[in-house]
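Student: Got a structure for you, written out below as structure tokens; questions coming shortly.
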Amino acid sequence: MAPGSRRGGARLPLLPLLLVLLPAAGGGCAAEGGPLEPFDALYASGVEAYYGGDFAGAARCLERALRSRRELRAALLRCRRLCRAQVRLAEPGPGAGGDLAFFGSVLRRAECVRRCEEPRLGAVSRHRAAEEVRADFQRRVPYSYLQRAYIQLNKLEEAANAAHTFFMANPEHMEIQQDLENYKTTSGKVSLIDQEARQHMEDYSAGVRHYDREEYELAIELLERALRGYFSEDEDCQVMCEGPQRFEEHEYLDYKAGLYEAIADHYMQVLACKHDCVRELATRSGRISPIENFLPLHYDYLQFAYYRVGDYVKALECAKSYLLFHPDDEDVLENAGYYEGLLEGTVDPATIKPRKEARTLLRRHKLESHLLQVAAAGLGYAYTEPNYWNRYGARQDEHSVPSSISSEPEDGPRLSLTKKPMPKPDRELKEGGPLLYSDVKFVYNSQQLNGTQRVLLDNVISEEQCRELHRVASGIMLAGDGYRGKTSPHTPNERFEGATVLKALKYGYEGRVPLKSARLFYDISEKARRIVESYFLLNSTLYFSYTHLVCRTALSGQQERRNDLSHPIHADNCLLDPEANECWKEPPAYTFRDYSALLYMNADFEGGEFIFTEMDAKTVTASIKPKCGRMISFSSGGENPHGVKAVTKGQRCAVALWFTLDPLYRELERIQADEVIAMLDQEHLGPSEMNINPKDEL
């Protein structure tokens with residue numbers, strides 16, 4: 001039942017590049033008054049002031065830029081609505097000149113819109129920002145600048161709210177995650193405000209939370225409010241689509257289309273925009289993917305909630321509304337039949353209809369789809385109809401549908417207690433296969449680790465191999481290696497150092513570390529891969545996606561009152577969104593990763609426990625203390641959010657491994673390392689003393 005979420009936050013853009021994209025700043029924010037100042041110009045002024053060290057000016061301009069963008073939208077909506085009401089489009093008549101009345105009304109409406117907009121906006125073309133600037137506002141980048149400006153001004157409450165607003169669209173942004181934790185510690189601020197929250201989504205999420213707690217009356221109030229907000233936002237979305245469109249396939253100055261072709265070109269882009277409002281209203285800010293089945297789910301939750309409070313008329317009404325979208329849903333069909341039985345003798349069930357707003361929207365949506373497909377077939381448009389009402393979606397949470405809630409009263413018929421089918425995974429999930437090596441010790445399986453596709457093993461490598469690997473690490477690791485040169489990528493309280501297999505072999509070949517020791521790194525990672533592939537009973541080859549030897553060291557003098565994590569809670573192939581209880585499998589996540597493993601090398605440090613959590617990134621489901629030879633392996637998706645507790649003393653070292661089932665995403669350095677190993681074998685330079693061929697199968 002979790003709502004959903006899009007793509008990653010970014011660091012602050014480089015000033016020269018950003019100012020090329022933005023209009024001339026004109027020396028700061030002018031005094032307010034007169035026509036609305038373009039938001040991109042105000043943004044440019046704010047960025048320029050920020051990099052110039054004028055943090056008060058930056059905050060003022062950035063706040064005005066955000067306000068200007070909101071006011072621009074409000075003005076466009078007001079004028080387009082007003083002129084829709086004042087100037088009705090006339091019906092074309094028959095014969096010569098019959099279209100004049102229609103085109104006359106089009107001209108009058110255009111004049112009305114311009115006359116309405118100009119006093120507040122000036123020339124509308126002033127407000128057409130570059131695509132890159134619009135993308136920054138979509139990803140809430142101005143709030144990232146604002147947060148830093150407010151920090152410099154010591155306005156911690158404003159900084160915290162700006163950081164939270166940015167984070168809601170960029171949940172994988174680890175620096176902002178850390179900043180938020182710091183705000184909660186230093187200012188005691190727990191309640192943060194998302195200044196760009198979409199109210200219909202906030203109401204929906206709150207309604208679902210009350211539903212999960214079986215607080216059905218509150219759930220009904222919020223879900224009904226969410227529906228009202230949704231349909232209001234849908235009207236706004238439809239109106240906003242009537243603005244300028246981009247003719248991607250045409251050079252405007254060379255455009256030679258005739259009257260009707262030109263009208264069709266523009267109208268089909270407007271229509272495609274309107275048709276996509278369903279997706280727009282179901283997509284959280286900063287995301288690519290919508291919440292699957294978003295609008296129908298409102299009715300699904302409501303039909304069962306109304307049943308729980310004894311309002312069977314509205315329960316049936318909402319069930320029938322849901323069935324407009326999914327007429328073959330067996331669970332809700334069964335529920336609707338049950339509600340009809342409860343109403344027998346008091347109300348004629350045939351008089352209870354699906355809600356009018358749902359019927360109207362669905363009828364319009366089907367007509368839009370038909371017109372788009374006709375245009376695609378007859379006019380050469382490229383168009384593929386998305387699945388807007390995907391019933392099962394990409395989520396795999398255990399409360400996927402309200403209609404499968406149990407705890408029915410024992411008297412009378414029962415509602416369907418079976419859950420709706422989950423989406424079929426790409427492969428059948430299994431575990432419990434042979435460990436291949438007689439010295440490897442099984443410790444815990446998924447059930448014992450309170451999760452899915454998890455295994456904990458000991459003795460994967462010996463104490464001597466741990467010591468040798470640690471010696472290799474000391475000779476080849478560089479601070480920030482594997483983290484784009486950042487020595488403290490996840491926390492300022494630890495130093496991170498790393499090295500790859502290829503680098504180890506290169507150093508060994510050059511004699512900078514013992515070649516046998518360098519090859520050990522290669523051999524143990526191959527051993528780990530074989531174990532993971534065998535234990536999870538994979539029916540296809542598991543390839544390396546990335547292999548990294550990494551040590552994290554606690555920095556002295558920075559451990560007092562520390563409350564952050566060494567590595568924040570995350571998933572390995574999707575963007576974890578704790579607020580929405582979702583994990584979005586989309587860039588910049590490494591969506592091709594299928595399995596992960598961590599092979600630990602030592603235990604002589606404090607802290608550093610590996611933890612699994614629920615999707616909320618707070619509820620710990622398992623905690624694992626690293627030690628030499630211990631390996632934790634798990635599937636890489638949103639079913640396994642995980643992180644690392646703070647290392648507060650000493651150095652924690654491990655071999656981190658990520659695997660893929662897709663050969664297209666094989667680790668390039670691993671392929672090169674394989675070639676080096678083949679060359680070494682030909683030169684008889686010898687393998688390590690480890691035998692990675694599993695002769696002693698269990």
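The values are calculated or read from the model by the stated rules, or taken from the named source; none is laboratory data. Please read all numbers here as calculations on a predicted model, not as lab measurements. Virtual Cβ from ideal backbone geometry, glycine too; neighbours counted across all protein chains shown. Ligands, DNA and RNA are excluded from the accessible area calculation, which covers all protein heavy atoms including side chains. Shrake-Rupley method; radii C 1.70, N 1.55, O 1.52, S 1.80 Å.
Student: Per residue, how much accessible area does the range 441-684 have with a 1.4 Å probe, in Å²?
Tutor: Working: 9860 Å² over 244 residues.
Averaged over the residues of the range 441-684, the accessible area is 40 Å².
Student: Something else now. Could you work out what % of the accessible surface of the range 441-684 is carbon and sulfur, using a 1.4 angstrom probe and leaving DNA, RNA and ligands out of the count? Could you put the intermediate results ahead of the total?
Tutor: Details: 4830 of 9860 Å².
The computed percentage sits at 49.
Student: Okay, moving on. Within the P(r) computed for the range 441-684, what percentage of the Cα pairs occupies the region above 35 Å? Could you put the intermediate results ahead of the total?
Tutor: Working: 2829 of 29646 pairs.
Within the range 441-684, distances greater than 35 Å cover 10 percent of Cα pairs.
Student: As a quick test, which of the pairs Lys527/Lys627; Lys627/Lys649; Lys503/Lys645; Lys430/Lys503; Lys274/Lys356 have an alpha carbon distance above 25 angstrom in this structure? Before the final figure, lay out the partial values.
Tutor: Numbers: Lys527/Lys627 18 Å; Lys627/Lys649 15 Å; Lys503/Lys645 28 Å; Lys430/Lys503 35 Å; Lys274/Lys356 20 Å.
Violating the 25 Å Cα-Cα cut-off are Lys503/Lys645; Lys430/Lys503.
Student: Explain nothing, just the number: relative contact order of the range 441-684, from Cα pairs under 8 Å at least 6 residues apart, as a whole percent. Numbers along the way, then the final one.
Tutor: On the way: 542 pairs, mean separation 62.2, N = 244.
Relative contact order of the range 441-684: 26 percent.
Student: To the nearest Å, what is the center-to-center distance of the range 288-351 and the range 629-672, using C-alpha atoms only?
Tutor: If you average the Cα positions of each part, the centres end up 45 Å apart.
Student: What full-extension length gain, to one decimal in nm, is calculated for Arg363 and Tyr383 as 0.36 nm per residue of separation minus the Cα-Cα distance?
Tutor: Details: separation 20, 0.36 × 20 = 7.20 nm, distance 1.98 nm.
Extra length from Arg363 to Tyr383 when fully extended: 5.2 nm.
Student: Mind checking the per residue accessible area of the range 50-205 for me, 1.4 Å probe, whole number of Å²? Display every interim value, and only then the final one.
Tutor: On the way: 7790 Å² over 156 residues.
Roughly 50 Å² per residue, with all protein chains present.
Student: Given 0.36 nm per residue, what is the gain on full extension from Asp99 to Arg126 after removing their alpha carbon distance, in nm? Each step should come with its number before you reach the end.
Tutor: Values: separation 27, 0.36 × 27 = 9.72 nm, distance 3.33 nm.
Contour length minus Cα-Cα distance gives 6.4 nm.
Student: Could I have the simple spin-label model distance between Val270 and Asn445, label points 7 Å from Cα toward Cβ, reported in nm to one decimal?
Tutor: So the two model labels end up 6.2 nm from each other.
Student: Would you list, by chain and number, the aspartates and glutamates whose Cα falls below 14 Å from the Cα of Lys314, excluding same-chain residues fewer than 8 positions away?
Tutor: Glu217, Glu221, Glu224, Asp300, Glu340, Asp348
Student: Hey, if we sort Tyr535, Tyr444 by accessible area with the 1.4 Å probe, largest down, what's the order?
Tutor: Details: Tyr535 10, Tyr444 100 Å².
Descending accessible area places them as Tyr444, Tyr535.
Student: Calculate, for Gln152 and Ile193, the FRET efficiency according to 1/(1 + (r/R0)^6) with r their C-beta to C-beta distance and R0 22 Å; round to the nearest 0.05. Numbers along the way, then the final one.
Tutor: Values: r = 21 Å, r/R0 = 0.93.
With R0 = 22 Å, the Cβ-Cβ based efficiency is 0.60.
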